[in-house]
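The values are calculated or read from the model by the stated rules, or taken from the named source; none is laboratory data. No experiment lies behind these values; they were computed from the predicted model shown. Neighbour counts are summed over all protein chains in view; Cβ atoms, including those assigned to glycine, are modelled from backbone coordinates with ideal geometry. Accessible surface is based on the protein model in full, side chains and every heavy atom, while ligands, DNA and RNA are left aside. Shrake-Rupley method; radii C 1.70, N 1.55, O 1.52, S 1.80 Å.
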Protein chains: 2
Amino acid sequence: MLDLSQDAGALTAAIVDVESVSGDEKALADLVEEALRALPYLSVDRSGETVVARTSLGRAERVLIAGHLDTVPVAANLPSRVDGGRLYGCGTTDMKAGVAVALKLAAALPAPNRDVTYVFYDCEEVEAERNGLNRVARDHPEWLAADFAVLMEPTDGVIEGGCQGTLRAEVHVAGKRAHSARSWFGVNAIHGIEPVLARLNAYQARLPVVDGLEYHEGLNAVGVRGGVAGNVIPDSCVVTVNYRFAPDLTIEQAREHVREVFDGFEVSFTDAAPGARPGLTDPVAAAFTAAVGGEPRAKLGWTDVARFSALGVPAVNYGPGDPNLAHQQGEYVSLEKIADSERAMLNWLT
Amino acid sequence: MLDLSQDAGALTAAIVDVESVSGDEKALADLVEEALRALPYLSVDRSGETVVARTSLGRAERVLIAGHLDTVPVAANLPSRVDGGRLYGCGTTDMKAGVAVALKLAAALPAPNRDVTYVFYDCEEVEAERNGLNRVARDHPEWLAADFAVLMEPTDGVIEGGCQGTLRAEVHVAGKRAHSARSWFGVNAIHGIEPVLARLNAYQARLPVVDGLEYHEGLNAVGVRGGVAGNVIPDSCVVTVNYRFAPDLTIEQAREHVREVFDGFEVSFTDAAPGARPGLTDPVAAAFTAAVGGEPRAKLGWTDVARFSALGVPAVNYGPGDPNLAHQQGEYVSLEKIADSERAMLNWLT
């Protein structure tokens, strides 16, 4: 049984030591469910390895606090260890510290000033179709109903608003095959991508301000493939590009931009995920910002806030971990930051 | 069982329809071996998918007639079809028409005026170390002993002297990995190949005259690879180039030229094969030239004549296919040229 009365740092260590690589979250989800079911003022639901718990106090506002239970693969960095005010180990920063803070709030707040929905979900670190939040949004959207959501992803204790969208496209260049001993009878498709790369090298990324936060876009080749055989002038070369776009663009507008950049070339689109506007001007978000303090900044990476945004729930990222340490072997979290984050959230909800 | 009594065009179609992409020649090699073993005046040897058959009449001169059994990858151009006096399909011109002529000679000539060694070999279209002729030259050099060799590569019925050399090199560009959401922390290696492609696009190929024949060089990208994952700025990109060089350069001189072209980039060399000077002044070559007729020209493609050259056997290219159609999706061979070639070779050997 998880002891929710221990301090948030010790609780983080306890759940870090329950290994929960994506797809293998059951043991931890069971412990979380058991601990939450022991709190009589919460109603608890479960879908797969996702656990949802809610107060039902009839408050005017409902807020949602979410964290994922899974981690990237362990890299010889378990069990956790404390050293110089830091807790080291797989998942410390991304994002079991945030999960521990949410569990502490659940245990400490039988009567928060807003109704609260706690969501602990699985498979955030892998393909979108396995994502637990994605599954609950599809199967039980009513569980996620809220006026505002805080996703406790690592942000170093700073409120990060919205997130950038992402899409991938393939730029195709055709040529004409020929034997490479008589190359002048062919048209070399690999040589033909020179202008595609020239446009990428000349590309000026936008830094738009959206709802008061500055974003930073990027358009990059993430793959290139071409070639038939060592003695053949290739008739096809494909450059795969990834466009990270600010949340003032829809996916369709982002596609249009990519089409314009590669005007004259054949462009096809593969996967895409929309951005989310920061929405910090929303009164419910403003109340959170005021309670937590600090200067909000733009979230550049794509996160599950976009899923809340798509459900009509304004959402921000806010958590005690350092995002630059995520997915690294030497991952750690500052114990002081965990305590700060717990204090700020309690301040907001009481 | 291959029917060697059908006309050479029909025999070409029959062997074209036995798919034999490099590495997958067994079915065709088995058919060829079986057909040759049925001819009592030939002694037959086999090494891997290479078949060698010889007359042993004690003639003053031994000539060797060779062809490769493999083709480049099929490009939706099988089975073969006849249209307007042309046979279309993968391997028609390069070089199953030549193989068919050699098989017809084997069947038609129990007592040629010169002893003949027929060689049908595998893996000509891929890396030199897989080449069947290369393997036989190493393991059974005595099988290849001859005073003169005719390699029935496509030459459009013209004697082609010598051959250009070929080498492959990899041009490496390094970068620095980063998450593509924060691409400015990385260095994109794919973007970094733009100047490599610019040099290739600006390249001016040499057209040197060697022993009276004009050659035509070429330097081309034949492959490109780069990319880690769809959300990672790639830290490595490699362009594979193929340099076809005239026989006035040694392999080392050709490498030096490639190093100069890509000065400032990391260049590594993979396989290389030397060119062969035309050597048409040799008396035994002159006898063949007189029997077949026509005006000899330079061979641009690398061919295994260079291997014979290295074994001290003067050799020429001569075959019914059109070399300009080799490795093209619309590859075909003229049925009339096949018959002409068969007639000229019979004329030489009777």
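Brief remarks follow.
- Spacing of the two label points (7 Å from each Cα toward its C-beta) at B:Thr270 and A:Gln329, in nm: 3.1 nm
- Inter-centroid distance (Cα atoms) of segment B:103-171 relative to segment A:1-36, Å: 71 Å
- Between copies, the label points at B:Glu34 (set 7 angstrom from Cα along Cα-to-Cβ) are spaced 7.0 nm, reported in nanometres from shortest to longest.
- Peptide A:319-327 has a mean shielding of 1, counted as Cβ atoms of other protein chains within 10 Å of each residue's Cβ.
- Distances between copies at B:Pro208, taken between label points 7 Å from Cα along the C-beta direction, are 5.8 nm in increasing order.
- Unit charges on C-beta of K, R, D, E only; dipole of chain B, Debye: 480 debye
- Fraction of accessible area attributable to carbon and sulfur, segment B:88-235 (%, probe 1.4 Å): 50 percent
- Tensor-based shape of the protein assembly as shown (alpha-carbon gyration tensor, a/c under 1.5 rounded, otherwise prolate or oblate): prolate
- Nearest-10 value in Å² for the accessible area of A:Met1, using the 1.4 Å probe: 140 Å²
- Label-to-label distance, A:Glu336 versus B:Val228, with points set 7 angstrom from Cα along the beta-carbon direction: 3.2 nm.
- Cα gyration tensor category, rounded, prolate or oblate, for segment A:311-350 with a/c compared to 1.5: oblate
- Value at 222 nm in deg cm²/dmol, rounded to 500, when DSSP H runs of n ≥ 4 in chain A each add -39,500 (n - 2.57): -8000 deg cm²/dmol
- Lysine pairs in the protein assembly as shown with Cα atoms under 27 Å, if 8 or more residues apart or on separate chains: 20
- Position A:Glu252, label points 7 Å along Cα→Cβ, spacing to each other copy in nm (shortest first, one decimal): 6.6
- Point-to-point label distance, A:Leu346-B:Val209, nm (Cα→Cβ direction, 7 Å offset): 9.5 nm
- Averaged over peptide B:210-219, the number of partner chain Cβ atoms lying within 10 Å of each residue's Cβ comes to 2.
- Qualifying chymotrypsin sites (Phe, Trp or Tyr not before Pro) in segment A:247-284, DSSP loop, other Cβ atoms within 10 Å at most 12: none
- Oblate is the label for segment A:211-337. Its Cα gyration tensor axes, ordered a ≥ b ≥ c, give a/c of at least 1.5 and b/c at or above a/b.
- Chain B - Debye-derived log10 I(q)/I(0), Cα point model, q = 0.07, 0.09, 0.16 Å⁻¹: -0.33, -0.53, -1.35
- For chain A, modelled as a GNM whose springs connect Cα atoms under 10 angstrom apart, the maximal fluctuation among A:Arg182, A:Arg168, A:Arg114 occurs at A:Arg182.
- Take each residue in B:187-195, count the other chain C-beta atoms within 10 Å of its C-beta, and the mean is 6.
- GNM on chain A, alpha-carbon springs under 10 angstrom: the most fluctuating residue among A:Ala315, A:Ala291, A:Ala246 is A:Ala291.
- Projecting the Cα positions of B:Ala290, B:Gly312, B:His327 onto the charge dipole of segment B:236-337 (unit charges on Cβ atoms of Lys, Arg, Asp and Glu, taken about the Cα centre) puts B:Ala290 furthest along the positive direction.
- Sites B:Ser47 and B:Val74 - FRET efficiency at Förster radius 25 Å, r taken between beta-carbons, to 0.05: 0.45
- FRET efficiency estimate (nearest 0.05) - Cβ-Cβ, A:Asp24 to B:Glu170, R0 35 angstrom: 0.30
- Residue among A:Val187, A:Val74, A:Val238 with the largest mean-square fluctuation in a Gaussian network model of chain A, springs linking Cα atoms under 10 Å: A:Val187
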